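A quick write-up on the structure given underneath.
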Amino acid sequence: MSETRLDTDFVRAQFPAFAEPSLQGQAFFENAGGSYACQPVIDRLTRFYTQRKVQPYAPYEASRLAGEEMDEARARMAAMLGVDSDEISFGPSTTQNTYVLAQAFRQWMSPGEAIIVTDQDHEANSGPWRRLAADGIEIREWQIDPVTGHLDPADLEPLLDETVRLVCFPHCSNVVGEINPVSEITAMAHAAGAFVCVDGVSYAPHGFANVGRLGPDIYLFSAYKTYGPHQGVMAIRRPLGALLPNQAHHFNGDVLYKRFTPAGPDHAQVAACAGIADYVDLLCDHHDGPAGDAAERAGFVHDLMRAHEVALLQPLLDALKDRNDLRLIGPSDAAMRAPTVAVALNRPGEGVAAALADHGIMAGGGDFYAGRPLGAMGIEPENGVLRLSFTHYTSAGEIERLLAALDKVL
């Protein structure tokens, strides 16, 4: 972790939402559903729509610039993630990116071969794979601890054999929050001859992972949860991408970043994703970070974000873990988890979120498309959970306001 302290005043100045009059007096604790957009993303999106909203890659100036901005976004996102630029694909959502991938695996695999999924996942990295059972693919479930929600790598070992082609799991769950050891699990799967698909949607808002170093074959996340536009971002490593059948137009089959994008991408939103990289660079330079490659700089910012979040998260966990009117889901040690905190109550979480709104707390309640993990932990589906999620732009004062509001509502 970096010893430099995050300058939250500087951070919040990069997000217009904090200066928006209609949002004053409210604290945002539903970041796991989508973060605020940073100014560089908004600037790029505005410029594209006002100056370059034409079909890209034609020879005239506006079109040429539009295509260059899209290429810039792909190259810079790839560099931060430690992969090659053609290994990054954009799609309308992570759910749809995963669905397209599942169709490719359906064509590539044979009946009797197996895919391992977990019951800790958001439905996006579970449902599309489970549907392949209708085509004769064996689906094996790697199950969580029903009390803690923990996903134990030791329980994966008995599920692995020579018929397993893919292991799917989350970097961290959107309700459990515990950070899973991606490198360890990936090494186990690779040793058994299987590929690995990691859902990074709930982890990426808290710092971009170095996918190249971690080693999974597929890593997915949502740009609208990492301060950007509503796009799904997918890193798929070249050996696997070339092996799977093309899912796009036949004439795009030889371009890796087009193979798994059946429809044309949203040009403006793809281009605006370069603003995410702009924001990471702003944070790195403001905090005197390294001047090295993009992955090193993103790693420095990752550690800045995580250190700030852990410091704010631990008091919240301490306040929740010993209450007898709720059940804290996931670890109570902030260093082990993301600041996505779900609590089960004896009443619907959605109603408690509504009550918190009266105190200026924007939070969420429900199952958050995580019905499988909640069911595995014995949580009543009609109640769901109250979810309190924040990110690095959250302040210590907002945590104090949240705790005070919780005391009043609970």
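The values are calculated or read from the model by the stated rules, or taken from the named source; none is laboratory data. Just so it is clear, the model here is predicted, and its values are computed rather than measured. Cβ: placed from backbone, ideal geometry, glycine included. Neighbour counts: every protein chain shown. Surface accessibility is based on the protein's heavy atoms, side chains included, excluding ligands, DNA and RNA. Shrake-Rupley method; radii C 1.70, N 1.55, O 1.52, S 1.80 Å.
Some values worked out for this structure:
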read-out: Cβ-Cβ FRET estimate between ASP325 and LEU23, R0 fixed at 25 Å, reported to 0.05; value: 0.25
read-out: The range 1-133 shape via C-alpha gyration tensor axes, a/c threshold 1.5; value: oblate
read-out: Accessible surface of the range 44-276, 1.4 Å probe, proportion on carbon and sulfur as whole %; value: 53 percent
read-out: Helical segments meeting 24 Å axial Cα length and Kyte-Doolittle -1.0 threshold in the chain (DSSP H); value: 61-81, 294-321
read-out: Residue-averaged [θ]222 nm for the chain, counting only DSSP H segments that reach four residues, each worth -39500 (n - 2.57); value: -11500 deg cm²/dmol
read-out: For the chain: relative contact order, % (alpha-carbon pairs under 8 angstrom, 6 or more apart); value: 24 percent
read-out: Accessible area, probe 1.4 Å, largest first, for residues GLU162, GLU141; value: GLU162, GLU141
read-out: Gyration tensor verdict on the range 238-288 (Cα atoms; rounded if a/c is under 1.5, prolate if a/b is larger than b/c, oblate otherwise); value: oblate
read-out: Peptide ranges 273-286, 3-16 listed from the most packed, as the mean C-beta count within 10 angstrom indicates; value: 273-286, 3-16
read-out: Inter-site label distance for ASP84 and SER110 at 7 Å from Cα along Cβ, in nm; value: 2.9 nm
read-out: The range 44-276: antiparallel DSSP beta bridges as a percent of all, rounded to 5; value: 40 percent
read-out: Carbon and sulfur %, accessible surface of the range 306-403 computed with the full protein complex present, 1.4 Å; value: 51 percent
read-out: Per-residue SASA entry for THR50, accessible area with 1.4 Å probe, Å² rounded to 10; value: 100 Å²
read-out: Under 21 Å from the Cα of LYS225 - lysines, other chains or at least 8 residues apart; value: none
